[in-house]
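So the structure is just underneath, and the comments pick up after that.
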Amino acid sequence: MSCFGGDPNFCPECGNVLPLPGAPDTITCPRCAFIIPVREIANQVITSSVVFNPLEPMVSTGESEEDSELKGPVIDRRCSRCNKEGMVYHTRQMRSADEGQTVFFTCIHCRYQEKEDS
């Protein structure tokens, strides 16, 4: 008596995924060696479908690209151009993964940008 049933893609004994039919017109489960004659499932139609999530419209925050570069943590670092204190930073992986990230600093006063390789 089988424990599983209903789907011809799976073994009715152990639930394992069944391979494609072999040469002697049988399907043999690789896990439990259960044998199914191909003629038992020959007229069954197997269908599948893919359902995608609906696209959500992107909400524009109305920020310009210049304003977005000033978002992030403000640190006590002196700008080398205007000599004022206060810069925001972000990091990017510019080289291969086994090397350090590059840190970009942007002055909140004059928007001068400098980088530091780690």
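Calculated accessible area for the range 66-118 comes out at 70 Å² per residue, all protein chains present (probe 1.4 Å; ligands, DNA, RNA ignored).
Across the range 33-41, rounded Karplus estimates of 3J(HN,Hα) from the backbone phi angles (6.51 cos²θ - 1.76 cosθ + 1.60, θ = phi - 60°) give 6, 5, 10, 10, x, 4, 4, 5, 10 Hz, Gly and Pro being marked x.
So what's the net charge close to residue 101: Lys and Arg +1, Asp and Glu -1, counting the other residues with Cβ under 14 Å from its Cβ? Walk me through the numbers on the way to the answer.
Details: positive: 92, 95, 115; negative: 98, 99, 116, 117.
Taking every other residue near residue 101 into account, the sum is -1.
The values are calculated or read from the model by the stated rules, or taken from the named source; none is laboratory data. If you're wondering where the values come from, they're calculated on a predicted model, not measured in any experiment. Using ideal geometry, Cβ is built from the backbone for each residue, glycine included, and neighbour counts are taken over all protein chains shown. Calculation scope for accessible area: heavy atoms of the full protein, side chains included, ligands and nucleic acids excluded. Shrake-Rupley method; radii C 1.70, N 1.55, O 1.52, S 1.80 Å.
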